[in-house]
Amino acid sequence: MKQIVSILAVGAAVAACATVAPGGASAVADLAPTAGNTAKGTVTFTPRGDKIAMIAKISGLTPGQHGFHIHENGDCSAPDGMSAGGHFNPFGKPHGNPAVADHHAGDMPMLVADAGGNATLDVVVDTMTIGSGAGDIVGRAVIVHKDPDDFTTQPTGNSGARVACGVIRRT
């Protein structure tokens, strides 16, 4: 009987560790349109080694390119999305293209909407984490902008109005 209890205790400990193991947490942001807009969608974040796989599926956009960022505040309460604050930048980098070394942790590749206003983005990023550390995105906001990001203008990329906002939560 003592041996069975020990085996059960070890099994329970292993199961508990598996549920809190680093890199196991995923996150999602459900995007809703800001006032006067129709953009909405979902962005999922899943650990992939020491990086994060991100899949965005957005509808209701005007055809073409749209700036896409993680912003510092997990607050989408303002009708124009401005309550989400500025870009998430825990490492003090300049705004820039996520394909180069120096850029905000929240700088994302451009969303490109087709003729029907739908955009899908599937990318792996290495500037953020889920649930721990300075790069933790949980509780922050995802913003889709009206215009393309020029990846140059500081600190925003001149991406225009915010057309959708969603708060990132653990899943």
Can residue 11 be described as at pLDDT 50 or above and farther than 30 Å from residue 147 by Cβ? no
Can you name the condition, by its number, that residue 105 falls short on among (1) crowded, with 22+ Cβ neighbours inside 10 Å; (2) over 20 Å from residue 52 (Cα atoms); (3) not acidic (Asp, Glu)? (2)
In contact with a helix residue (DSSP H, G or I) (Cβ under 6 Å, 6 or more places away or on another chain) and in contact (Cβ under 8 Å) with a residue 40 or more places away in the chain - does that describe any residue in the range 151-159? no
Anything in the range 55-89 that is touching a Pro at 6+ places or on another chain (Cβ under 9 Å) and part of a strand (DSSP E or B)? List them, or say none. 64, 65, 66, 68, 87
Within the range 103-123, is there a residue that is in contact with a helix residue (DSSP H, G or I) (Cβ under 9 Å, 6 or more places away or on another chain) and not in a loop (DSSP other than H, G, I, E, B)? no
Given the criteria surrounded by fewer than 23 Cβ atoms within 10 Å (Cβ to Cβ), under 17 Å from the mean Cα position of the chain (by Cα) and in contact (Cβ under 8 Å) with a residue 24 or more places away in the chain, does residue 55 qualify? yes
Quick check on my filter: what residues within the range 15-52 are aliphatic (A, V, I, L, M), at pLDDT below 95 and either assigned to a strand (DSSP E or B) or crowded, with 17+ Cβ neighbours inside 10 Å (or both)? 25
Go through (1) at pLDDT 95 or above; (2) at negative phi for residue 102 and report which single condition fails. (1)
Would you pick out the residues in the range 63-107 that are over 14 Å from residue 162 (Cβ atoms) and aliphatic (A, V, I, L, M)? 99, 100, 101, 105
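The values are calculated or read from the model by the stated rules, or taken from the named source; none is laboratory data. Values in this document were obtained by computation on a predicted structure and should not be read as measured data. Glycine gets a Cβ as well: all are built from the backbone with ideal geometry, and neighbour counts include every protein chain shown.
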